[in-house]
């Protein structure tokens, strides 16, 4: 086994792109060998293991990535990506969809679909103008020359894991290619988000108008890794660009490439915040579905691919500049145990689909819904149970208000909430399972549900006004949860009113509903004695506003939106 090491010198997706590109180079030099990439946290580096040593034969020239041919380019390279032709094909697809809105996506002819990775090319055309004279094109031509082996040897020597690889690469180029005008290319931000024209370090001590130069082979590896692990998306309603690069934790390179191909086919964009969330949820679903190589037999998807490194490029008119660099993790609460993994796989896919549909139904242009999306992203990024409960305790009342106005609403279900909360890190320490399975807790949560969503749907669907709809209940309970005494007082007030409504309904001979007993209140009081009152309060709200699995409300399914293809809700790039 031969091992290579790529340090995470920038701390951004630039390092990941370089590691993925090196993996592709190793695989290309030895097609029989398997390349495995592993994130070594203790070394703050990626390690790549190839099962057979690579051999470099004199005269070898390999195409590591696609040359992009634009309108002004007269190249005769047969393997080039014809950007203008693919752009026209994509436009034809949207015209076809406009004229065939009622046609299910499953019946759309395959020949009509645009390439799912089109935006990887269009974003480069937009960011690297003019394309044919960019470092991207220059490196492609250089690596097709007789100097290919010279560059590759430098890359392999640089990453052999016995020192500081990037310094070695720089030194190697200066010594072995001194005086050669092709020994370096300009660094651009789309591949190096912390580096740009004029400012070439996270904490620069000077700023000039020149662009930083870097060894050609190192930048070429980033170009190569771009097509393996990157996703480029235009957020809905903007002309900005969001770049997401998958961060491998421990995976075979070819499997990663296949998973990302499947991901791009399934991933649908949205607003800037939605993109982060939907990318993490969709990639987790893709990992669970991908079983060709038995990728995930047990354990967590995030132990294979840990998440996405991202950069947000804001449109500044004549150019785009980086305004945010972040990381979005895959959910740690998705886990396959040793037994019945296929059943668990289907269960988690249902949970992820529920979350994904709820997130897609939120409109980021509305401040309240944007705040909900931010709370969910905080939960996903930090894997924090309190952030999730904050989201749930605000989402339930929001959904109730929408339903009251006749809007379509997607509800979380109690069954899936239990699965997520029970698998959260520190769930055992927070006694979550014991709280949500407590009989008194379930009884009070059921009363909250009957006094809010059930009463609302009885009124809307059956014109049944027997029971009041407690619109502000969640806010009252949450506001009083600063101490267990105040919360118990507010909860008791609600239960008293709830039981009075039951008595009045019974007196008029109307349908009854389940009572809350003194034992139930006593049980909740014990939970408050032994746990954080805010946690108990938000759990009650979350379960009270969630939908029971067998609950029939007559809620309609949503009408399929027009943005049914991976890129159809993104504005045309370039």
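The values are calculated or read from the model by the stated rules, or taken from the named source; none is laboratory data. What you see is a predicted model; the values in this text were computed from it and never measured. Every residue, glycine among them, receives a Cβ derived from its backbone with ideal geometry; neighbour counts consider all protein chains shown.
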Of (1) over 26 Å from residue 288 (Cβ atoms); (2) surrounded by 13 or more Cβ atoms within 10 Å (Cβ to Cβ), residue 327 fails just (1)
If you go through 392, 410, 417, the only one that is touching a residue at least 60 places away in the same chain (Cβ under 8 Å) and over 15 Å from residue 539 (Cβ atoms) is 410
Within region 509-531, of all residues that are free of Cβ contacts under 8 Å to residues at least 24 places away in the same chain and not in a helix (DSSP H, G or I), the one surrounded by the fewest Cβ atoms within 10 Å (Cβ to Cβ) is 509
How many residues of region 322-343 are out of contact with any helix residue (DSSP H, G or I) (no Cβ under 9 Å at 6 or more places or on another chain) and either in the same structural domain as residue 127 (by TED's automatic domain parsing) or more than 23 Å from residue 377 (Cα to Cα) (or both)? The answer is 6
By my count, helices (runs of 4 or more DSSP H) wholly in region 415-500 with at least 3 residues that are touching a helix residue (DSSP H, G or I) at 6+ places or on another chain (Cβ under 9 Å), modelled with pLDDT of 95 or more and over 25 Å from residue 387 (Cβ atoms) are 439-449
If you go through 274, 265, the only one that is under 30 Å from residue 366 (Cα atoms), in contact (Cβ under 8 Å) with a residue 24 or more places away in the chain, out of contact with any strand residue (DSSP E or B) (no Cβ under 9 Å at 6 or more places or on another chain) and exposed (fewer than 15 other Cβ atoms within 10 Å of the Cβ) is 265
Screening 104, 116, 130, 109 for residues that are at pLDDT below 90 and in contact with a helix residue (DSSP H, G or I) (Cβ under 8 Å, 6 or more places away or on another chain) leaves only 116
Residues in region 395-407 that are farther than 15 Å from residue 361 by Cα, free of Cβ contacts under 8 Å to residues at least 60 places away in the same chain and in a helix (DSSP H, G or I) total 0
Note on region 49-60: residues in contact with a helix residue (DSSP H, G or I) (Cβ under 7 Å, 6 or more places away or on another chain) and surrounded by 12 or more Cβ atoms within 10 Å (Cβ to Cβ) are 50, 54, 56, 60
Quick check on residue 387: is it surrounded by fewer than 16 Cβ atoms within 10 Å (Cβ to Cβ) and at pLDDT below 95? no
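Give the residue, chosen from 87, 95, that is assigned to a helix (DSSP H, G or I), touching a helix residue (DSSP H, G or I) at 6+ places or on another chain (Cβ under 9 Å) and modelled with pLDDT of 85 or more.
87
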Among residues of region 105-115 being without any contact (Cβ under 8 Å) to a residue 24 or more places away in the chain and either within 24 Å of the chain's Cα centre (by Cα) or in a loop (DSSP other than H, G, I, E, B) (or both), the residue surrounded by the most Cβ atoms within 10 Å (Cβ to Cβ) is 108
For region 40-63, indicate whether the set of residues that are closer than 20 Å to residue 219 by Cβ, out of contact with any strand residue (DSSP E or B) (no Cβ under 9 Å at 6 or more places or on another chain) and modelled with pLDDT of 85 or more is non-empty. yes
In region 234-284, residues that are in a loop (DSSP other than H, G, I, E, B) and more than 24 Å from residue 21 (Cβ to Cβ) total 11
Checked region 227-242 for anything closer than 17 Å to residue 305 by Cα and within 17 Å of the chain's Cα centre (by Cα); matches are 228, 229, 230, 231
For residue 90, indicate whether it is surrounded by 16 or more Cβ atoms within 10 Å (Cβ to Cβ), farther than 30 Å from residue 160 by Cα and within 30 Å of the chain's Cα centre (by Cα).
yes
With criteria (1) in a helix (DSSP H, G or I); (2) out of contact with any strand residue (DSSP E or B) (no Cβ under 6 Å at 6 or more places or on another chain); (3) surrounded by fewer than 19 Cβ atoms within 10 Å (Cβ to Cβ), residue 372 comes up short on (3)
Expected output for region 199-225 (first residue over 23 Å from residue 64 (Cβ atoms) and assigned by TED's automatic domain parsing to the domain that holds residue 17, partner part of a loop (DSSP other than H, G, I, E, B) and at pLDDT 65 or above, Cβ below 6 Å, 6+ apart or cross-chain) is 200/212; 202/194
Restricted to region 332-347 and to residues being modelled with pLDDT of 85 or more and out of contact with any strand residue (DSSP E or B) (no Cβ under 9 Å at 6 or more places or on another chain), the residue surrounded by the most Cβ atoms within 10 Å (Cβ to Cβ) is 334
